[in-house]
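The values are calculated or read from the model by the stated rules, or taken from the named source; none is laboratory data. Small disclaimer: the values here were computed from a predicted structure and weren't measured. When we count neighbours, we look across all protein chains shown, and the Cβ atoms used for this are built from the backbone with ideal geometry, even at glycine.
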Amino acid sequence: MSDRPLSGTRVLEYAQFVSGPYCAKLLADLGAEVTKVEPPQGDVARKRGPFPDDVPHPERSGLFLYANTNKLGITLSLDSDEGREIFKRLVERSDILVEDTPPGTMEELGLGYETLRQLNPRLIMTSITPFGQSGPHRNYKAHYLNLSHGSGLGHATPYTPLEPDIMEREPVREGGLIGEYDCGTTAAVATLSALYLAMFTEEGQYIDVSKQEALLHLQRPEVAICLADGESTNRVETEHLDALSGMYPCKDGYVYAMFSEDHHWHSLMDFMGYPDWAQDEKFSTVERRRQLEVEETHPLLKPWLAEHTREEILHGLQKRRTPLGPIYRIEEVPHTEHMKVREFFVEMDHPEAGRLSYPSGTAKFSHSPVSLQRPAPLLGQHNEEVYGKRLGYGSEELSRLKDTGII
Amino acid sequence: MARKPLEGIRVVDFCWVWAGPAATELLAYLGAEVIRVESQDHLCGTRRRPPRRNAPPPDINCSTTFNCLNLGKRSITVNLTQPQGIELIKRLVKVSDVVSDNYAGGMMERFGLAYRDLQEVKSDIIVISMSGWGAYGPERDYRAYDPVFAGLSGFYDMTGYPDRAPGKVGSFGRCDLSCGNAFTLAILAALIHRAKTGEGQFIDVSQWEVMNCNMGDAYMDYFMNQRNRTRVGNRDDHMAPHNCYCCQGEDKWVSIAIATEEEWRSLCHAIGRPELADDPRFADAQSRRRNQEELDRLLSEWTAERTHYEVATALQQVGVAAFPSLNRRELYEDEHLAQRGAFVEIDHPEAGRHTFLAPPWKLSSTPAEIATHAPLLGQDNEYVFLELLGMSMEEFAILVGDGIVY
């Protein structure tokens with residue numbers, strides 16, 4: 001087995017919460033040596049949880065543990081000249097810096113890209129901010145809620161075409177913190193593209209990632225269609241309303257099914273044993289079924305679906321080549337046979353949080369596998385290793401830095 | 001002209017419909033030469049996709065969906081049901097770096113174009129295959145569109161109102177595009193690995209797994225506490241207020257999130273209700289969360305008198321995170337996005353001029369860009385077969401005559 005793809009690449013991370021840390025985690029999982037720089041009070045994700053038994057503890061946040069696997073962790077305050085000088089020394093020995101401070105902050109600290117590139121012309125610096133480094137909203141604050149809504153994703157959610165009363169209610173953000181992870185992946189793509197290029201040119205560059213744009217970009221066909229062909233759609237109307245597609249209640253939950261195409265419809269009829277009503281001319285074409293969707297087709301399908309479980313419908317129809325699947329709850333996914341066989345969730349020990357399972361990664365490589373080799377760092381866990389062994393500080397100097405609150 | 005990151009990288013692209021093309025489009029933005037393998041008999045579903053319900057299917061070169069998801073690519077037409085077609089593909093693979101597909105159920109194997117077949121043709125080839133369930137496992141042959149694997153991951157169960165069914169997200173294909181990022185990241189990692197070691201490899205991307213990764217903290221809660229996290233509308237475990245509030249106009253809303261006591265005080269003053277800052281019902285985040293319905297009612301009274309941008313501007317001035325919930329047309333008209341060049345116009349020989357989103361990253365010395373419009377079906381047959389493969393006109397004419405290139 002060969003080395004992992006990014007072994008030998010050094011990444012410095014000065015970021016908190018999800019997007020920036022997840023970007024650096026993706027690089028760490030690919031084998032890069034990521035040094036996470038936290039302010040002495042720690043990444044805000046340490047305060048957020050989820051915590052075991054809901055007891056807050058800075059070393060036991062599930063969010064922090066997940067978004068920071070495979071990293072080294074050090075503490076450093078950038079409030080003093082000495083702290084900033086140490087940061088520069090770390091930059092000098094890094095290929096990549098991932099940071100998420102508000103626009104202008106790094107410049108104010110004397111750590112802007114123009115300064116850092118003088119120290120290290122190969123440096124790739126990736127800045128991840130809510131609205132990017134330029135433009136009238138660049139200094140706006142935004143939490144995940146604001147970005148989910150401010151990017152267009154929230155306004156059309158939940159998409160519920162058959163329940164028009166939904167329009168009376170507020171649009172909702174997308175579930176979990178999904179968009180924050182998307183922004184991290186988007187930033188990691190640009191960062192790796194620059195790293196690949198630098199293997200040939202020996203030159204770094206600066207990358208400006210706006211979370212609003214990263215999330216907007218996930219809707220690029222919808223946006224193009226809206227601008228080309230129609231008005232903006234909402235939570236009950238969409239450009240892509242396929243007939244007989246959607247969330248169908250069944251015996252033990254919901255399935256998402258698409259019976260829009262002719263062969264999918266016939267698979268369903270086959271699975272249902274071709275009921276008498278299905279022979280009626282009025283259901284013979286896609287167009288007719290679509291016209292009759294709410295009044296006639298649904299009332300005939302729904303009672304049948306309600307008598308069958310998600311797994312029965314899944315296997316019965318997938319064997320007939322019809323795309324559909326259960327709406328799983330989070331608690332169900334780790335117990336599915338498919339995820340078990342693929343060993344998607346992997347266990348790892350952590351000195352404070354104990355042995356836990358973690359989602360492993362977004363791709364499986366035949367020759368350079370991604371792996372979880374090290375749990376998220378304790379606050380300042382690698383101070384001695386990084387400051388001592390790599391930057392050459394002696395133990396007295398280290399104690400002084402600790403006493404003065406720099407590390 | 002600066003060298004683009006993936007300049008000189010050639011991709012033989014079997015991806016089709018939504019997720020795959022969205023992914024290889026990112027490679028094109030980064031400078032790779034992406035050659036889509038199509039055929040007259042096996043058209044990409046998006047080439048005929050009507051823009052909206054009840055609209056007629058478009059001409060195969062004029063679909064907005066196709067033209068948006070295939071910017072900067074080339075197109076060749078090859079009949080893959082014929083052995084000569086497969087041979088032709090192998091000749092192309094010999095001079096390429098990456099082969100990509102998003103078929104479920106072993107389609108590439110049936111073509112005789114599995115990883116091991118392609119490795120024989122070019123030993124350091126990078127092959128990436130993406131599908132809903134992934135390339136192995138008991139359900140590997142199962143098919144999925146975006147909402148199917150999104151539903152498998154727990155994402156839909158976590159989206160929507162607590163008192164309603166799981167919520168589908170409103171943007172069609174957004175999870176496909178999310179997977180496109182993961183797919184591109186994997187290819188970049190494999191290219192770096194190849195540059196260092198000379199080795200190619202096979203990459204298996206399960207879209208279900210990509211989505212699971214995007215729900216990571218919810219899984220951690222399950223593993224820590226056996227708790228099932230489910231949908232909570234706009235609510236948050238820690239912050240309150242944390243919701244969308246109705247504004248002037250039809251279906252206009254603004255999102256407001258309060259993280260600190262300082263922000264809470266600023267909000268109370270900004271809405272002209274300074275006394276609320278000292279109201280014991282709202283004394284700290286926990287109390288505010290307990291009384292958030294009342295809080296939402298009070299805030300809505302203020303937002304309802306204003307436009308969503310007015311609310312955002314007023315609150316941002318005092319350091320409160322507020323931003324409109326924008327629809328797609330409003331995003332296009334947004335001054336900030338316009339100033340950042342988020343939208344670009346691209347001319348297409350048959351479909352005319354259309355507006356698309358620019359690439360989502362701003363790289364200082366090698367800007368990603370949309371080099372050309374999406375390809376007409378088979379527009380690059382001559383370039384690929386005559387120029388790249390150095391085929392004679394005679395041979396090319398025979399392949400066209402025999403229906404191999406068609």
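Check whether at least one residue in the stretch A:78-85 is outside any strand (DSSP E or B) and under 24 Å from A:Thr186 (Cα atoms), and report yes or no.
Within the stretch A:78-85, the first condition is being outside any strand (DSSP E or B), and the residues that meet it are A:78-85.
Still in the list and also under 24 Å from A:Thr186 (Cα atoms): none.
Scanning the stretch A:78-85, I find no residue that is outside any strand (DSSP E or B) and under 24 Å from A:Thr186 (Cα atoms), so the answer is no.
Out of the stretch A:90-115, which residues are touching a residue at least 60 places away in the same chain (Cβ under 8 Å) and among the hydrophobic types (A, V, I, L, M, F, W, C)?
Correct list: A:Leu90, A:Val91, A:Ile96, A:Leu97, A:Val98.
Are any of the residues in the stretch A:238-249 more than 7 Å from chain B (Cβ to nearest Cβ) and among the hydroxyl-bearing types (Ser, Thr, Tyr)?
Looking through the stretch A:238-249, at least one residue is more than 7 Å from chain B (Cβ to nearest Cβ) and among the hydroxyl-bearing types (Ser, Thr, Tyr).
Return the only residue of A:Arg321, A:Arg355 being basic (Lys, Arg) and over 30 Å from A:Ala278 (Cα atoms).
Checking each option against the conditions leaves just A:Arg355.
Taking the stretch A:10-30, which residues are surrounded by fewer than 24 Cβ atoms within 10 Å (Cβ to Cβ) and either without any contact (Cβ under 8 Å) to a residue 12 or more places away in the chain or part of a loop (DSSP other than H, G, I, E, B) (or both)?
Matches in the stretch A:10-30: A:Gln16, A:Phe17.
Give B:Asn225, B:Asn243 a once-over and let me know the one that is polar (S, T, N, Q) and surrounded by fewer than 17 Cβ atoms within 10 Å (Cβ to Cβ).
Answer to the check: B:Asn225.
Could you identify the single residue in A:Pro164, A:Pro171, A:Pro158 that is in contact (Cβ under 8 Å) with a residue 40 or more places away in the chain, surrounded by fewer than 24 Cβ atoms within 10 Å (Cβ to Cβ) and closer than 30 Å to A:Val294 by Cα?
A:Pro164
So which of A:Val236, A:Val209 is out of contact with any strand residue (DSSP E or B) (no Cβ under 6 Å at 6 or more places or on another chain), under 26 Å from A:Leu145 (Cα atoms) and crowded, with 17+ Cβ neighbours inside 10 Å?
A:Val236
Are there any pairs, at least 6 apart or on different chains, whose C-beta atoms fall under 6 Å, with the first in the stretch A:215-226 and facing chain B (nearest Cβ under 7 Å) and closer than 15 Å to B:Val169 by Cα and the second of a type in the set (S, T, N, Q) and outside any helix (DSSP H, G or I), and if so, which?
Matching pairs, first to second residue: A:Leu216/A:Ser151; A:Gln219/B:Ser171; A:Glu222/B:Ser171.
Do you know which residues across the stretch B:64-81 are polar (S, T, N, Q), under 20 Å from the mean Cα position of the chain (by Cα) and closer than 20 Å to B:Tyr406 by Cβ?
B:Asn70
If you scan the stretch B:385-402, which residues turn out to be part of a helix (DSSP H, G or I) and within 38 Å of the chain's Cα centre (by Cα)?
Passing the criteria: B:Phe385, B:Leu386, B:Glu387, B:Leu388, B:Phe396, B:Leu399, B:Val400.
Being of a type in the set (Gly, Ala, Ser) and modelled with pLDDT under 95: is that true of B:Ala368 here?
In short, yes.
Take the residues in the stretch B:23-50 that are surrounded by 22 or more Cβ atoms within 10 Å (Cβ to Cβ) and polar (S, T, N, Q); name whichever of them is nearest to the chain's Cα centre (by Cα).
The residue in question is B:Thr24.
Criterion first (within 18 Å of the chain's Cα centre (by Cα), in contact (Cβ under 8 Å) with a residue 24 or more places away in the chain and not in a helix (DSSP H, G or I)) does A:Ala142 satisfy it?
yes
Within the stretch A:127-163, work out how many residues are more than 9 Å from chain B (Cβ to nearest Cβ) and either in contact with a strand residue (DSSP E or B) (Cβ under 7 Å, 6 or more places away or on another chain) or farther than 15 Å from B:Lys168 by Cβ (or both).
3
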